[in-house]
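**Q** First the structure, which I've put down as structure tokens, then a few questions once you've had a look.
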Amino acid sequence: GAVVSQHPSRVICKSGTSVKIECRSLDFQATTMFWYRQFPKQSLMLMATSNEGSKATYEQGVEKDKFLINHASLTLSTLTVTSAHPEDSSFYICSAHQPGGADTQYFGPGTRLTVL
Amino acid sequence: GDSVTQMEGPVTLSEEAFLTINCTYTATGYPSLFWYVQYPGEGLQLLLKATKADDKGSNKGFEATYRKETTSFHLEKGSVQVSDSAVYFCALRGRAAGNKLTFGGGTRVLVKP
């Protein structure tokens, strides 16, 4: 299947700082990428849909000013957690939609964010 | 709205046992259905999918059949291995969902040698 990478895989930061997470589709162009948050032993919660060249669409209850999403190219989307707090600590997962015949979402390996 | 319900875990079984994870869904129209697997500390991997009624998805010994009449997509494997220990997620993508996936709560499976 297609490959999606995330960087970094793990990050620890101090409260009040900002953290950027990158999501790349390595072997296909993705006009749409998605950002999820996963709490321990729970399912994935969709945070936002990232569309190349346009503003992201946020799910209800997700602060767009806190979770900044940029989809600057067909292979890269970034999520920036601004002014991070300990409650933002979580596992963040991105996915990229491969259109056409595959018509499938492929997921990145996730980024473990710990805010001290 | 769309929703997915799957059996709660954890499911603990012995190696070579038969595995079934139930998944039912609610959606308008005819969604596409997926099973994803998440190994410890990793992201989700697509395990199999089915896009229309009566389709059977299969991969790595796992199978699931799209049952429109029962709105179900149960995952089965005839003989599990320790390496199948993971969390399994059932998901659907509605026709009008703009490619968004709706996930079930996940089922943790633990296979003991």
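**Q** Across segment A:77-116, which residue is farthest from the other protein chains (Cβ to nearest Cβ) among those that are farther than 26 Å from A:Gly53 by Cβ and part of a strand (DSSP E or B)?
**A** So, considering only residues that are farther than 26 Å from A:Gly53 by Cβ and part of a strand (DSSP E or B), the one farthest from the other protein chains (Cβ to nearest Cβ) is A:Val115.
**Q** Which of the residues belonging to segment B:1-57 are more than 24 Å from A:Pro109 (Cβ to Cβ), hydroxyl-bearing (Ser, Thr, Tyr) and within 15 Å of the chain's Cα centre (by Cα)?
**A** Listed by number, the residues that qualify are B:Ser3, B:Thr5, B:Thr20, B:Thr24, B:Tyr25, B:Thr26, B:Thr51.
**Q** Filter segment B:89-113 down to residues that are assigned to a strand (DSSP E or B) and touching a Lys or Arg at 6+ places or on another chain (Cβ under 8 Å) and give me whichever is farthest from B:Gln38 (Cα to Cα). Break it down into steps so the answer makes sense when it comes.
**A** Here is the first cut: in segment B:89-113, the ones assigned to a strand (DSSP E or B) are B:89-93, B:102-103, B:107-112.
Then drop every residue that is not touching a Lys or Arg at 6+ places or on another chain (Cβ under 8 Å), which leaves B:93, B:102, B:108.
On the way: B:Arg93: 19, B:Thr102: 16, B:Arg108: 9 Å.
For segment B:89-113, the residue satisfying everything is B:Arg93.
**Q** Next question. Pick out the one residue from B:Thr102, B:Thr28, B:Thr71 that is at pLDDT 95 or above and polar (S, T, N, Q). First the steps, then the outcome.
**A** Details: B:Thr102 fails: at pLDDT 95 or above; B:Thr28 fails: at pLDDT 95 or above.
The unique qualifying residue is B:Thr71.
**Q** Looking only at segment B:21-48, filter to residues that are among the hydroxyl-bearing types (Ser, Thr, Tyr) and within 16 Å of B:Ser85 (Cβ to Cβ); which one of those is nearest to the other protein chains (Cβ to nearest Cβ)?
**A** B:Tyr36
**Q** Residues in segment A:46-58: is at least one over 28 Å from B:Lys49 (Cα atoms), part of a loop (DSSP other than H, G, I, E, B), under 15 Å from the mean Cα position of the chain (by Cα) and not hydroxyl-bearing (Ser, Thr, Tyr)? It would help to see each step written out before you state the result.
**A** At the first step, the residues of segment A:46-58 found to be over 28 Å from B:Lys49 (Cα atoms) are A:53-55.
Checking the rest, the ones that are also part of a loop (DSSP other than H, G, I, E, B) come to A:53-55.
Of the ones still in play, those that are also under 15 Å from the mean Cα position of the chain (by Cα) are A:55.
Applying the additional criterion that residues be not hydroxyl-bearing (Ser, Thr, Tyr) yields A:55.
Within segment A:46-58 (the criterion being over 28 Å from B:Lys49 (Cα atoms), part of a loop (DSSP other than H, G, I, E, B), under 15 Å from the mean Cα position of the chain (by Cα) and not hydroxyl-bearing (Ser, Thr, Tyr)), the answer is yes, since at least one residue qualifies.
**Q** Which one of the conditions (1) part of a loop (DSSP other than H, G, I, E, B); (2) within 10 Å of another protein chain (Cβ to nearest Cβ); (3) surrounded by 13 or more Cβ atoms within 10 Å (Cβ to Cβ) does B:Val4 fail to meet, given that it meets all the rest?
**A** In the conditions (1) part of a loop (DSSP other than H, G, I, E, B); (2) within 10 Å of another protein chain (Cβ to nearest Cβ); (3) surrounded by 13 or more Cβ atoms within 10 Å (Cβ to Cβ), B:Val4 misses (1) alone.
**Q** Tally time: how many residues in segment A:1-38 are more than 17 Å from B:Glu42 (Cβ to Cβ), within 14 Å of chain B (Cβ to nearest Cβ), among the β-branched types (Val, Ile, Thr) and over 12 Å from the mean Cα position of the chain (by Cα)?
**A** Number satisfying all stated conditions: 1.
**Q** Sticking with this structure for a sec: Give segment A:8-22 a look and list any residue that's closer than 8 Å to A:Val115 by Cβ and of a type in the set (Gly, Ala, Ser), or say none.
**A** Residue satisfying the conditions is A:Ser15 alone.
**Q** A further question on this structure: Looking at segment B:35-52, is at least one residue surrounded by fewer than 18 Cβ atoms within 10 Å (Cβ to Cβ) and either of a type in the set (Val, Ile, Thr) or at pLDDT 95 or above (or both)? Outline the logic, then answer.
**A** Within segment B:35-52, the subset surrounded by fewer than 18 Cβ atoms within 10 Å (Cβ to Cβ) is B:39-42, B:45, B:51-52.
In the following step, the residues that additionally are either of a type in the set (Val, Ile, Thr) or at pLDDT 95 or above (or both) were identified as B:51.
Checked segment B:35-52: at least one residue is surrounded by fewer than 18 Cβ atoms within 10 Å (Cβ to Cβ) and either of a type in the set (Val, Ile, Thr) or at pLDDT 95 or above (or both).
**Q** Residue under question is B:Gly98, and the condition is that it be exposed (fewer than 13 other Cβ atoms within 10 Å of the Cβ), without any contact (Cβ under 8 Å) to a residue 12 or more places away in the chain and under 17 Å from A:Gln105 (Cβ atoms); does it hold? Steps first, please.
**A** On the way: exposed (fewer than 13 other Cβ atoms within 10 Å of the Cβ): yes; without any contact (Cβ under 8 Å) to a residue 12 or more places away in the chain: yes; under 17 Å from A:Gln105 (Cβ atoms): yes.
It is true that B:Gly98 is exposed (fewer than 13 other Cβ atoms within 10 Å of the Cβ), without any contact (Cβ under 8 Å) to a residue 12 or more places away in the chain and under 17 Å from A:Gln105 (Cβ atoms).
**Q** With respect to A:His71, is the statement that it is part of a strand (DSSP E or B) and farther than 27 Å from B:Ala86 by Cα true?
**A** Working: part of a strand (DSSP E or B): yes; farther than 27 Å from B:Ala86 by Cα: yes.
Taking the combined requirement at face value, the residue satisfies it.
**Q** Please work out if B:Glu16 is of a type in the set (Asp, Glu), away from every other protein chain (no Cβ under 13 Å), without any contact (Cβ under 8 Å) to a residue 24 or more places away in the chain and in a loop (DSSP other than H, G, I, E, B). Before the answer, list the steps.
**A** Working: of a type in the set (Asp, Glu): yes; away from every other protein chain (no Cβ under 13 Å): yes; without any contact (Cβ under 8 Å) to a residue 24 or more places away in the chain: no; in a loop (DSSP other than H, G, I, E, B): yes.
So B:Glu16 fails the test.
**Q** While we're here: Which one is farthest from B:Ala91 (Cα to Cα) among residues in segment A:12-48 that are among the hydroxyl-bearing types (Ser, Thr, Tyr) and crowded, with 22+ Cβ neighbours inside 10 Å?
**A** Quick first cut of segment A:12-48, residues among the hydroxyl-bearing types (Ser, Thr, Tyr) only: A:15, A:17-18, A:25, A:31-32, A:36, A:43.
The next check asks that each one be crowded, with 22+ Cβ neighbours inside 10 Å; those that pass are A:25, A:36.
Values: A:Ser25: 21, A:Tyr36: 14 Å.
Per the criteria, the residue is A:Ser25.
The values are calculated or read from the model by the stated rules, or taken from the named source; none is laboratory data. Remember, it's a predicted structure, so these values are computed and weren't measured experimentally. Reconstructed Cβ throughout: ideal geometry from the backbone, glycine too, with neighbour counts over all protein chains shown.
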